[in-house]
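Worksheet for the structure shown next.
The values are calculated or read from the model by the stated rules, or taken from the named source; none is laboratory data. If you're wondering where the values come from, they're calculated on a predicted model, not measured in any experiment. With ideal geometry, Cβ positions are generated from the backbone for all residues, glycine too; neighbour counts draw on all protein chains shown.
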Amino acid sequence: MWYDGAVRLFDEQPQAFFGFAREPVWRKDGCMGKREKREIVSKGPIRVRYFWAGVVLVWALAVLLRIVSAETFGDGTASGENGAQYVIHTHDAGYHGYQAQAFLGQAEPRGVYTLAAVLPAVLTKITPFSLDEILFFLPVFLAPLIVFPLAWLGRRWIADLPALGLACLSSFLAGYYQRTHAGYYDTDILNVFFPLMIVVFFLKLVDDGRVRWLIAAVALALLYDWWYGSARAMLFLLAGGLLLHTVLQGREKPARWQAVLVFGLAVFPLTPWMRIPGLALALLFFFWAIPRLGKHLRIAAWLGRQTTLWLIPVAFAGMVWLAAGGAAHIGSLIDAYLGKTPTIDIAAGKSILHFASASGTIVESTGVSTTLYLKTFAGHVILGWLSLVGLAALIWRVRETVVLLPLVILGVLGFVSGIRFAIYLAPLALFGFVWGAFHLVRRMTAGDQRLAALVPLILLLAPAWFHGNEVVRWNREVALPVFDAGQVAALTQAAQESGSEARAFAWWDYGWPLWHSGRWQTIVDNGTHGYADSYLVSRALMATNQAELAGLAALSTGEKQRQPGEQAIAGLLQRFGNLESIIAQAVALSQTNQAGAVSTTIVLPWQMRYLLYTIDKFSRRDPGTGGMRDEKVVWILGRIIGRDGNRILVGQTLAPRMTGKTPRFLADTESGVVEMHEGKSRLSRWVRVAWQGGRPRVDERTWPGGSGVTLVEDIHGVILMHERLYRSNFVQMALLGRVDETLFRVTHGSPTLLLAKTRQVGR
């Protein structure tokens with residue numbers, strides 16, 4: 001076999017041509033300042049098999065702790081008590097769950113099958129567990145896999161015991177756990193594991209030169225690309241890191257250049273039918289044909305060297321440039337990823353309409369305070385700065401760690417671009433903390449290896465304490481499902497009653513979860529949230545006329561096609577000419593009881609209250625000019641933390657997640673006076689909502705001459721809002737239960753979910 005021959009050639013002639021042989025290297029010690037000749041891979045007191053047995057035990061412990069941790073979720077869905085089902089905790093899981101259903105033949109596919117959809121589908125087929133159970137528990141088993149590459153790298157660059165301690169804590173870092181806990185089935189559960197394992201395979205390739213490690217790295221890159229739709233960007237960065245490593249430490253060795261080129265081919269945007277044969281031919285050419293021909297033909301060896309020294313770097317740079325689409329496309333991708341796309345423009349006759357983009361409204365992609373970001377990835381502000389210093393020292397002292405720069409860059413980007421990037425920085429920051437502690441202690445103890453290995457292990461107790469507290473808080477207060485078990489049951493039943501024509505009119509956050517919970521057809525979803533159709537949904541929800549909501553829901557849902565990227569608003573503009581005509585036609589249809597030409601269900605979960613300020617921004621943008629209406633909007637959510645007669649103390653629940661602050665205000669429901677840090681003001685209205693017998697009871701008190709602000713109190717907390725927001729369709733229908741029964745038929749009404757179906761002609 002050619003593969004065996006290549007391996008033998010590597011073993012027999014390690015330095016003849018390829019330069020991958022494991023060899024002693026001169027490297028400056030980071031702390032002692034001495035130069036010592038030693039192998040790259042660290043020697044430790046623990047035998048290899050015992051070390052990896054310990055790592056497997058760490059993984060099993062992490063799995064067990066994540067299962068136990070899920071039992072502390074505030075919603076109780078983890079235990080399945082009282083017949084409750086396991087529900088998803090992230091919106092993207094809705095897409096993967098729906099595609100898994102399609103792969104199993106239970107639904108029509110909407111897009112390509114990714115590994116994230118195929119894997120749970122296959123497990124559902126071969127195990128006795130349901131799809132919902134698998135989606136809930138897969139993160140428990142997959143997310144802790146990060147311990148294996150971190151343990152290997154820790155053993156390489158630090159020592160055995162610190163590496164085990166690093167691995168033990170890595171899967172429970174707050175910044176990592178928040179996006180990988182039970183129920184949070186998303187691509188993030190493996191998005192750090194894949195790059196780290198690629199780095200491991202590349203370094204093993206550098207150590208012993210066996211082509212099997214290159215094949216493993218390429219195979220993992222292909223799996224990563226199949227797993228995560230946006231993996232290409234990370235893979236390009238990884239290819240750049242491997243190229244930088246080759247320039248710094250192996251530029252005189254042709255085979256390393258060849259390996260980088262082969263990896264570059266793996267991430268090049270080609271179809272599988274072109275990419276796989278190309279990879280096979282590249283491997284055959286570089287690692288079989290050239291070595292064999294080089295024994296007999298000098299021209300072959302010369303060709304190999306020239307290809308390596310000139311053609312390969314140029315080809316690699318050209319591949320990256322072409323794949324990225326040039327400078328203009330690179331700039332647009334950066335702007336979109338950082339949330340700098342302010343408008344979406346579409347043609348409307350002879351004019352252009354401007355609509356708001358969702359890029360800057362996604363919480364995980366918006367900037368957070370430095371303090372909160374440090375606490376998220378490091379557990380504590382001081383630990384965060386120390387970890388960053390240790391990580392910078394590691395990269396500076398150990399040259400081969402440049403392969404980690406792509407992950408570091410993405411992690412540091414989180415300081416300005418969103419808390420989602422903490423998932424990349426958290427394990428590396430902990431790595432920097434442990435490495436810095438190890439080398440500092442070794443220097444202070446004159447090189448005592450035992451003490452240097454033990455002290456960092458003890459110092460890990462500090463981040464373990466802070467991260468553990470954050471995980472407990474997250475489980476109790478934040479780790480809530482997109483839809484709880486009761487909402488899922490209601491949505492599934494409503495979809496079954498509607499049959500194949502189950503159409504939902506809801507905000508884009510709930511698009512994919514609705515696909516999964518009843519296979520609903522939606523006008524906007526989590527993949528089309530940037531389209532102009534979001535304006536129609538926002539306009540309908542924020543309107544003060546329920547006829548406008550009924551008409552727009554029926555019209556837009558009827559126009560929506562199943563092909564991704566098609567916009568309902570474009571078809572409506574072709575039919576009616578302009579936005580004013582669309583709105584007028586919608587109201588007219590509802591008033592003549594014809595809005596139900598396409599029966600549509602309005603989906604209003606209670607969780608939408610956290611999104612209403614953002615939803616309102618879409619409708620406040622003037623499509624003609626692209627500017628925002630200059631209007632002060634009050635929308636403050638909180639929960640009652642104290643009550644004394646008519647006086648209630650409210651602590652805000654939304655702000656602390658993003659700022660780390662806990663602002664409060666005091667409201668007197670007798671006098672209508674509200675005391676905040678800005679001063680006192682007078683309410684215009686106080687409303688209390690209580691549900692009895694499946695119907696809401698609304699108690700209302702008004703104060704003439706107030707500030708135009710209303711305080712609404714229900715079982716979920718309190719909301720301060722301006723009069724316009726109070727009169728919006730969402731507040732009146734979802735919070736107060738005031739539904740125009742001439743336009744809608746309520747199919748489900750509760751404090752947590754309102755389902756109102758537009759009436760059809762004659763019904």
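Within the stretch 94-109, residues that are within 19 Å of VAL488 (Cβ to Cβ) sit with their Cβ atoms under 8 Å from residues that are surrounded by fewer than 24 Cβ atoms within 10 Å (Cβ to Cβ) and polar (S, T, N, Q), at 6+ positions apart or across chains, in these pairs: GLY94/ASN526; TYR95/ASN526; HIS96/THR114; GLN99/THR114; ALA100/THR124; LEU104/THR124; ALA107/GLN101.
Being within 23 Å of ARG156 (Cβ to Cβ) and at pLDDT 80 or above is a condition met by no residue of the stretch 258-268. Before we move on, is SER750 hydroxyl-bearing (Ser, Thr, Tyr) and modelled with pLDDT under 85? So SER750 fails the test.
Residue-by-condition table, conditions (1) modelled with pLDDT of 80 or more; (2) farther than 30 Å from GLN496 by Cα; (3) within 29 Å of the chain's Cα centre (by Cα); (4) surrounded by fewer than 20 Cβ atoms within 10 Å (Cβ to Cβ):
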{"site": "SER534", "(1), (2), (3), (4)": "yes, no, yes, no"}
{"site": "MET542", "(1), (2), (3), (4)": "yes, no, yes, no"}
{"site": "PHE576", "(1), (2), (3), (4)": "no, yes, no, yes"}
{"site": "ILE582", "(1), (2), (3), (4)": "no, yes, no, no"}
{"site": "ASN593", "(1), (2), (3), (4)": "no, no, no, yes"}
{"site": "PRO605", "(1), (2), (3), (4)": "yes, no, yes, no"}
{"site": "ARG609", "(1), (2), (3), (4)": "yes, no, yes, no"}
{"site": "ILE615", "(1), (2), (3), (4)": "yes, no, yes, no"}
{"site": "LYS632", "(1), (2), (3), (4)": "no, yes, no, yes"}
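Residue-level check: of (1) outside the structural domain of GLY379 (by TED's automatic domain parsing); (2) part of a helix (DSSP H, G or I), LEU457 misses just (1).
Looking across the stretch 422-463, the residues that are surrounded by 17 or more Cβ atoms within 10 Å (Cβ to Cβ), of a type in the set (Gly, Ala, Ser) and under 15 Å from GLY390 (Cβ atoms) come down to ALA426, ALA429, GLY432, GLY436, ALA437, ALA452.
Specify which of the listed residues (ALA163, ALA216) is part of a helix (DSSP H, G or I), surrounded by 24 or more Cβ atoms within 10 Å (Cβ to Cβ), touching a Lys or Arg at 6+ places or on another chain (Cβ under 9 Å) and modelled with pLDDT of 85 or more.
Details: ALA216 fails: surrounded by 24 or more Cβ atoms within 10 Å (Cβ to Cβ).
Selected residue: ALA163, the only one of ALA163, ALA216 that is part of a helix (DSSP H, G or I), surrounded by 24 or more Cβ atoms within 10 Å (Cβ to Cβ), touching a Lys or Arg at 6+ places or on another chain (Cβ under 9 Å) and modelled with pLDDT of 85 or more.
Can you spot a residue in the stretch 137-151 that is in contact (Cβ under 8 Å) with a residue 12 or more places away in the chain, closer than 21 Å to VAL403 by Cα and surrounded by fewer than 22 Cβ atoms within 10 Å (Cβ to Cβ)? Taking every residue of the stretch 137-151 in turn, at least one turns out to be in contact (Cβ under 8 Å) with a residue 12 or more places away in the chain, closer than 21 Å to VAL403 by Cα and surrounded by fewer than 22 Cβ atoms within 10 Å (Cβ to Cβ). Among residues of the stretch 487-512 that are in contact (Cβ under 8 Å) with a residue 60 or more places away in the chain, those with a beta-carbon under 6 Å from a residue that is part of a helix (DSSP H, G or I) and aromatic (Phe, Trp, Tyr) at least six positions away or on a different chain give the pairs TRP512/TYR95. Looking across GLY638, GLY660, one residue alone is in the same structural domain as GLN607 (by TED's automatic domain parsing) and at pLDDT 80 or above. It is GLY638.
Listed by position, the helices (runs of 4 or more DSSP H) inside the stretch 85-146 whose residues that are within 28 Å of TRP52 (Cβ to Cβ) number at least 3 are 115-126, 131-142. Looking across the stretch 716-736, the residues that are assigned to a loop (DSSP other than H, G, I, E, B) and at pLDDT 90 or above come down to ARG727, SER728, LEU736. In this structure, is THR492 over 20 Å from the mean Cα position of the chain (by Cα), of a type in the set (S, T, N, Q), modelled with pLDDT under 85 and surrounded by fewer than 24 Cβ atoms within 10 Å (Cβ to Cβ)? Spelling it out, it is not the case that THR492 is over 20 Å from the mean Cα position of the chain (by Cα), of a type in the set (S, T, N, Q), modelled with pLDDT under 85 and surrounded by fewer than 24 Cβ atoms within 10 Å (Cβ to Cβ).
Looking at the stretch 166-205, which of the residues that are assigned to a helix (DSSP H, G or I) and among the β-branched types (Val, Ile, Thr) is surrounded by the fewest Cβ atoms within 10 Å (Cβ to Cβ)?
Selected residue: VAL200.
The combined condition, being assigned to a loop (DSSP other than H, G, I, E, B), of a type in the set (D, E, K, R) and either loosely packed, with under 15 Cβ neighbours inside 10 Å or in contact (Cβ under 8 Å) with a residue 60 or more places away in the chain (or both), is not fulfilled by GLU713.
The rows are residues; the columns are (1) within 16 Å of the chain's Cα centre (by Cα); (2) modelled with pLDDT under 65; (3) not in a helix (DSSP H, G or I).
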residue	(1), (2), (3)
ALA328	no, yes, no
GLY339	yes, yes, yes
ASP345	no, yes, yes
LYS375	no, no, no
ALA422	yes, no, no
PRO427	no, no, no
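ALA116 meets the stated requirement of being surrounded by 23 or more Cβ atoms within 10 Å (Cβ to Cβ) and more than 30 Å from GLY436 (Cα to Cα). Whether a residue is surrounded by fewer than 17 Cβ atoms within 10 Å (Cβ to Cβ) and aliphatic (A, V, I, L, M) was assessed, and ALA485 does not pass this test. Counting residues in the stretch 119-130 that are surrounded by 23 or more Cβ atoms within 10 Å (Cβ to Cβ), farther than 29 Å from SER500 by Cβ and touching a His at 6+ places or on another chain (Cβ under 8 Å) gives zero.
Being assigned to a strand (DSSP E or B), touching a residue at least 60 places away in the same chain (Cβ under 8 Å) and within 29 Å of ARG647 (Cα to Cα) is a property that VAL698 lacks.
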